[in-house]
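Undergrad: Sharing a structure with you now.
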Amino acid sequence: MCERKAVICYDLGEFARFYALGRDFLTSKGAKTCLSYIMANKAVTAELKKEAITAYQKVLMKSWGQ
């Protein structure tokens, strides 16, 4: 199950990275709150935490790799 969540976190980060309004959309839907919950949860795997942190960074960044 955690592997699916890790893929979802990755996809959210890429959505925020490549779609012009992706960051605003994810913020309005509460994605940052969900990612923060995953990062703070001690029961999740290291892989899921890594993907959640990376996705959170991509949501926060204005210019990712440009």
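The values are calculated or read from the model by the stated rules, or taken from the named source; none is laboratory data. Given the structure is predicted, the values throughout are model-derived calculations rather than measurements. Quick reminder, even Gly has a Cβ in these numbers, built from the backbone with ideal geometry, and neighbours come from all protein chains shown. Just the protein is used for accessible areas: all its heavy atoms, side chains included, with ligands, DNA and RNA removed. Shrake-Rupley method; radii C 1.70, N 1.55, O 1.52, S 1.80 Å.
Undergrad: So how strong a dipole does the chain carry about its Cα centre when Lys and Arg Cβ are +1 and Asp and Glu Cβ are -1, to the nearest 20 debye?
TA: In debye, rounded to 20, the chain gives about 180.
Undergrad: Looking at the chain, identify the longest residue range that excludes and avoids all trypsin sites (Lys or Arg not before Pro) in DSSP loops having at most 15 other Cβ atoms within 10 Å.
TA: Answer - 1-28.
Undergrad: On a 1.4 Å probe surface of the protein chains, which of Leu26, Leu21 comes out largest in accessible area, and what is the full order? Could you put the intermediate results ahead of the total?
TA: On the way: Leu26 10, Leu21 100 Å².
Heavy-atom accessible area, descending, gives Leu21, Leu26.
Undergrad: Would you please name the chymotrypsin sites (Phe, Trp or Tyr not before Pro) within the chain that are DSSP coil residues with at most 13 other C-beta atoms within 10 Å of their C-beta?
TA: Qualifying residues, ordered by number: Tyr19.
Undergrad: So, how do all the Cα-to-Cα distances of the chain break down into 5 Å bins, in percent, from 0 on up?
TA: Reading upward from the zero bin: 3, 21, 32, 23, 14, 6, 1.
Undergrad: Going by accessible area, probe 1.4 Å, with all protein chains left in place, what is the ranking of Met1, Met61, Met39, largest first?
TA: I get Met1, Met61, Met39, largest accessible area first.
Undergrad: While we're here: How many percent of the accessible area of the chain is carbon or sulfur, using a 1.4 Å probe?
TA: The value for the chain is 60 percent carbon and sulfur by accessible area.
Undergrad: Once Lys and Arg get +1 and Asp and Glu get -1 on their Cβ, which of Leu26, Cys2, Ser36 lies farthest toward the positive end of the dipole of the chain?
TA: Positive-most Cα among the choices belongs to Ser36.
Undergrad: Given the rule -39500 (n - 2.57) for each run of at least 4 DSSP H residues, summed and divided by the residues of the chain, what is its mean residue ellipticity at 222 nm, to the nearest 500 deg cm²/dmol?
TA: Rounded to the nearest 500, it is -23000 deg cm²/dmol.
Undergrad: Probe of 1.4 angstrom, ligands and nucleic acids ignored: what's the accessible area per residue over the chain, in square angstrom?
TA: Working: 4650 Å² over 66 residues.
Here the per-residue accessible area is 70 Å².
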